[in-house]
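Note sheet for the following structure.
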Amino acid sequence: MSLTDPTEPIDPAGRPGRPAGRTGPPRVTAAGPGWGAARGVTEPASPARLYDYLLGGKDNYAADRELAGRLLTVQPELVTSARENRAFLTRAVALLAHRGVRQFLDLGCGLPTRDNVHQVAARHATGARVVYVDHDPTVLAHARALLADDGNVAVVQSDLRKQEELLGDVARGGVLDWDEPVAVLLTAVLHFLPDADDPARIVGGLRGLMSSGSALVLSHATGDASPAASQIVELFSGACVAPLALRGRDEIRAFFGDLELLDPGLVVTAAWRPGERALPPPHGQLLAGVGVRA
């Protein structure tokens, strides 16, 4: 499969509509010599569609595949990193459900895929409620079509950067009660907010709403010890609707504020409570952790 061939589906992760008999990891690869700009591209790549492509999805455009190919030429482990990040989210939601959390706020939720948050939560907690939030129209259309008949799930269009509007939009969904524990999910989201958007203030405002037993689930791309970091940032700045802001360990740890980090702390996604599953080498492109309010 070529990144410049948008007709061949790549859906190896068990999603409906994958090619019969297709198994194994996603065949997402960098393009070969002579690979140029995607034909017919009328808009830049989006983080949600790019992530969908790296996970082996089909809800992406030529611009997203174009950017993915360029990124993979300098960081071939991106497919593994995307899968590890999704697995971290699944494990974190399951753990929090077992700890008694029944409400989940998924900010920057991205396109629906296998093992969505509401599905994972429902397996481990009867009556779990989920609010999905995104501002990408493509994400919203797919999410609403999938979840139209689920009374425990709401899909909200809002912008994380406009916190007062965000909280109002979430409140109107009528699903969450901040007086009870809420898990706020910010996985692979904050690195698309530059410092000018003051992500520390945004996350601090969300922490301030958390009652006892609430949690912050966070993963964030880091450029620590990555020789390709500057190239990746440059590629995003020229081809994606959102810039990429790689941050160091101390900056990422600060997002948790006064919350108590559950063991094993802030680690690469593959190393966060992996259980007994066979692990690929942890590449360290995303750091992840779960902080709880005592």
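Probe radius 1.4 Å, ligands and nucleic acids ignored: give me the carbon and sulfur share of the accessible area of the stretch 115-192 as a rounded percent.
Working: 1620 of 3610 Å².
Its accessible area is 45 percent carbon and sulfur atoms.
R0 = 35 Å: FRET efficiency of Glu164 with Arg123, Cβ-based, nearest 0.05? Write out the running numbers ahead of the final one.
On the way: r = 34 Å, r/R0 = 0.98.
Once rounded, the FRET efficiency stands at 0.55.
Its Cα centre serving as origin, the stretch 195-275 has a Cβ charge dipole (Lys and Arg +1, Asp and Glu -1) of approximately 180 debye. Distance between the C-alpha centres of the stretch 94-152 and the stretch 180-196: 15 Å, rounded to the whole angstrom. Here the extension length gained between Asp177 and Arg249 equals 22.7 nm, from 0.36 nm per residue of separation less the Cα-Cα distance.
Full extension of the chain between Asp224 and Leu261 gives 11.3 nm of extra length, using 0.36 nm per residue less the Cα-Cα distance. Each pair of Cα atoms in the stretch 131-284 enters the Kirkwood radius, and Stokes-Einstein at 10 °C and 1.306 mPa s then converts it into a translational diffusion coefficient of 91 µm²/s. Counting only protein heavy atoms and a 1.4 Å probe, the stretch 151-294 has 45 square angstrom of accessible area per residue.
Relative contact order for the stretch 36-147: what percent, with Cα pairs under 8 Å and sequence separation of 6 or more?
Numbers: 119 pairs, mean separation 25.7, N = 112.
Reported relative contact order: 23 percent.
Close amide-amide hydrogen proximity is noted between Val268 and Ala288, each under 5 Å apart and 5 or more residues distant or on a separate chain (H modeled in the peptide plane; Pro and chain starts excluded).
Subtracting the Cα-Cα distance of Glu234 and Thr90 from 0.36 nm times their residue separation leaves 48.8 nm of extension gain.
The values are calculated or read from the model by the stated rules, or taken from the named source; none is laboratory data. Keep in mind that this is a model prediction, so the values were computed, not measured. Cβ atoms come from the backbone with ideal geometry, glycine included; neighbour counts cover every protein chain shown. When the accessible area is computed, the model is the full protein with side chains, heavy atoms only, and any ligands, DNA or RNA have been set aside. Shrake-Rupley method; radii C 1.70, N 1.55, O 1.52, S 1.80 Å.
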